[in-house]
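Undergrad: Below is one structure. I have some questions about it.
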Amino acid sequence: MTLPALEDITEPLSGLMRIETSPREKATPVLMEMIHAVYPHDEVFGQYCSVSDFVDCPPDELFEYLADTRSLEEWTYSLRGFTETDEPGLWLAYDRLGSETEIYTRTVANREARTVDYHCAWDQGKHLWMIYLMRVVDAQLVFDKPGSVVLWTNCHHPFYDRNPYPDTAPPQRPVWVGDFWEMFGAGHQLELKNLKAIAEYRNRNGLPVTPDWMRAR
């Protein structure tokens with residue numbers, strides 16, 4: 001049975017390439033043009049920032065660790081001092097990149113899909129517009145070996161370019177979180193290596209990946 005694919009589209013779509021209209025001989029030069037030895041930084045990290053790595057740690061255990069907001073205290077470069085606010089699930093910490101900058105975080109996790117999304121914002125906790133999207137994949141599925149693959153993506157929200165809540169910012173702070181966007185790729189790769197080092201150490205030494213201080217609430 002042939003599916004009625006795209007039969008509702010009655011005009012050419014710019015950029016659409018399917019084998020029915022663009023045979024391999026036509027598509028190959030286009031693909032080769034997309035492959036470069038060097039890529040401009042803005043082309044790679046302009047609208048999206050994605051990093052990934054293998055972690056020698058069981059995926060369910062790594063998910064449990066990441067799903068606890070307080071894990072950010074350990075593996076991120078600059079988020080420290082997490083305390084839960086009066087609003088259940090909303091945590092307050094300090095991002096030392098911005099000196100005494102408050103950062104608010106709510107973690108949205110899906111155990112079945114092993115997704116962990118950190119919804120964050122500097123200065124205020126009403127509009128958590130900085131979204132850190134993470135997924136833990138069973139490495140057995142994709143690499144045919146035990147462990148985890150962590151996929152992490154951020155999108156360049158327009159608020160990175162301008163502070164939408166200047167009245168909540170601490171006085172005389174010289175920087176805004178968006179000032180660091182060009183370093184997000186390198187910074188997130190650094191933090192992912194932190195995560196890898198911590199989780200692999202605990203797993204290698206028979207320790208719980210989520211430490212006891214997190215389990216005791």
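Undergrad: Could you pull out every one of the helices (runs of 4 or more DSSP H) wholly within the stretch 33-151 that has 3 or more residues that are over 25 Å from Arg215 (Cβ atoms)?
TA: On the way: elements: 41-45, 59-67, 72-75, 139-142.
Once the helices (runs of 4 or more DSSP H) in the stretch 33-151 are filtered for at least 3 residues that are over 25 Å from Arg215 (Cβ atoms), what remains is 41-45, 139-142.
Undergrad: Which ones in the stretch 68-118 are open to solvent by 70 Å² or more (accessible area, probe 1.4 Å) and more than 23 Å from Ala139 (Cα to Cα)?
TA: Of everything in the stretch 68-118, those that are open to solvent by 70 Å² or more (accessible area, probe 1.4 Å) and more than 23 Å from Ala139 (Cα to Cα) turn out to be Tyr77, Thr83, Glu84, Asp86, Glu87, Pro88, Tyr94, Arg96, Leu97, Ser99, Glu100.
Undergrad: One residue is enough: does the stretch 183-202 have a residue meeting the conditions surrounded by 13 or more Cβ atoms within 10 Å (Cβ to Cβ), within 23 Å of His127 (Cα to Cα) and in contact (Cβ under 8 Å) with a residue 60 or more places away in the chain?
TA: Among the residues of the stretch 183-202, at least one is surrounded by 13 or more Cβ atoms within 10 Å (Cβ to Cβ), within 23 Å of His127 (Cα to Cα) and in contact (Cβ under 8 Å) with a residue 60 or more places away in the chain, which makes the answer yes.
Undergrad: Another one. Could we say that Tyr160 is over 15 Å from the mean Cα position of the chain (by Cα), surrounded by 17 or more Cβ atoms within 10 Å (Cβ to Cβ) and more than 21 Å from Asn194 (Cα to Cα) here? Outline the logic, then answer.
TA: Working: over 15 Å from the mean Cα position of the chain (by Cα): yes; surrounded by 17 or more Cβ atoms within 10 Å (Cβ to Cβ): yes; more than 21 Å from Asn194 (Cα to Cα): yes.
Yes: the conditions hold for Tyr160.
Undergrad: Check Cys49, Cys57 and return the single one that is of a type in the set (A, V, I, L, M, F, W, C), in contact with a Phe, Trp or Tyr (Cβ under 6 Å, 6 or more places away or on another chain) and open to solvent by less than 40 Å² (accessible area, probe 1.4 Å). Even if it seems obvious, please write down each step before you answer.
TA: Details: Cys57 fails: in contact with a Phe, Trp or Tyr (Cβ under 6 Å, 6 or more places away or on another chain).
Answer to the selection: Cys49.
Undergrad: State which residue is farthest from Met134 (Cα to Cα) when the search covers only the stretch 93-110 and only residues that are out of contact with any Phe, Trp or Tyr (no Cβ under 6 Å at 6 or more places or on another chain) and of a type in the set (A, V, I, L, M).
TA: So, considering only residues that are out of contact with any Phe, Trp or Tyr (no Cβ under 6 Å at 6 or more places or on another chain) and of a type in the set (A, V, I, L, M), the one farthest from Met134 (Cα to Cα) is Leu97.
The values are calculated or read from the model by the stated rules, or taken from the named source; none is laboratory data. This is a predicted model, so every value here is computed, not measured. Every residue, glycine as well, gets a Cβ built from its backbone with ideal geometry; the counts of neighbours run over all protein chains shown. With ligands, DNA and RNA removed, areas are computed over all heavy atoms of the protein, side chains included. Shrake-Rupley method; radii C 1.70, N 1.55, O 1.52, S 1.80 Å.
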